[in-house]
Each structure stands twice: as structure tokens, then as C-alpha cells.
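The values are calculated or read from the model by the stated rules, or taken from the named source; none is laboratory data. What you see is a predicted model; the values in this text were computed from it and never measured. Neighbour counts run over all protein chains shown; Cβ positions are idealised from the backbone, glycine included.
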Amino acid sequence: MFVENIDVVDFVLEAIKVALVIGLIFILWSSGKKYPELSGGSWNLILLGFISIAVGMLLDWSDEIINYKAIEVLDLAETIIEEGILMLGFVLVTIGFNKWFAFVGRFLGINRS
């Protein structure tokens, strides 16, 4: 069930990636609370996107510890879920930022045609 030989470098680097994304989520969340007038409805899409990315990275990090390859179906399911959640996160972040920049432009009175 668990990996026999853990690659410590990959384990540590992937843990750092996850920690950085989780830190980014907390910074974005606190910024949204601090400046509610700038955090329109699209801000939630951005946060949800980064949360999805963090979950995908957590699944990627977990395969450094858990041997998903031992069970063929589990390995396939983990890969599909991991990549699907990561892609969903990037799509949500892209849509969220696109809408948020338009919102902030209108908020600041910038009119781009």
C-alpha cells in the first residue's frame, strides 16, 4: 500500500509546492475579506480554482507516499481525478481572473473597448 523507497527530494519539493499554494489561498482569502469592495463574485471563482489546484497537488504529493500502482484501478482513478481537478482549477482561475479584471476596470472607471 505504501511506497517502499520514498524519494525524499520529490517528497519535500512537492510538499513545498502544496504549502505555497495553500499560503496563496490564505493570502487571497484574507485580501478578499480586507477589501470586500474589490472582491466581486468572480473572486470566489479564483479562490475555488486555487483550492482545486491545491487538492490536485495534494493528490500528486500523496503518490510519493502511497503506492497507487499496486492496484491498477486505483492508479487510473487517482490519475484521472488528480489531473481533472488540476485542470478544473486552472480553468476556474482563468475565468475568475478574466471576470475580476473586467470588474476592477469598471470599478476604477477604466473603459476599454
Quiz prompt | Restricting the stretch 48-74 to residues that are in a helix (DSSP H, G or I) and surrounded by fewer than 15 Cβ atoms within 10 Å (Cβ to Cβ), the residue that is modelled with the highest pLDDT | solution = Ser62
Quiz prompt | Cβ-Cβ under 9 Å pairs, at least 6 apart or on other chains, the stretch 8-32 side more than 15 Å from Leu45 (Cα to Cα), far side surrounded by fewer than 13 Cβ atoms within 10 Å (Cβ to Cβ) | solution = Phe11/Ile65
Exercise. Starting from the stretch 57-68, keep only residues that are within 14 Å of Leu13 (Cβ to Cβ), then list their pairs with residues that are basic (Lys, Arg) and modelled with pLDDT of 90 or more whose Cβ atoms are within a distance under 9 Å, requiring at least 6 positions of separation or different chains.
Key: Met57/Lys17; Asp60/Lys17; Trp61/Lys17
Exercise. Output the number of the condition that Glu78 fails; it satisfies all remaining conditions of (1) without any contact (Cβ under 8 Å) to a residue 12 or more places away in the chain; (2) part of a helix (DSSP H, G or I); (3) not polar (S, T, N, Q).
Key: (1)
Quiz item: Assuming Gly41 fulfils every condition listed in (1) surrounded by 11 or more Cβ atoms within 10 Å (Cβ to Cβ); (2) within 22 Å of Phe103 (Cα to Cα) apart from one, which condition is it?
Solution: (1)
Practice problem: Would you be able to say whether some residue in the stretch 78-92 is modelled with pLDDT under 90, β-branched (Val, Ile, Thr) and closer than 29 Å to Asp7 by Cα? | Solution: yes
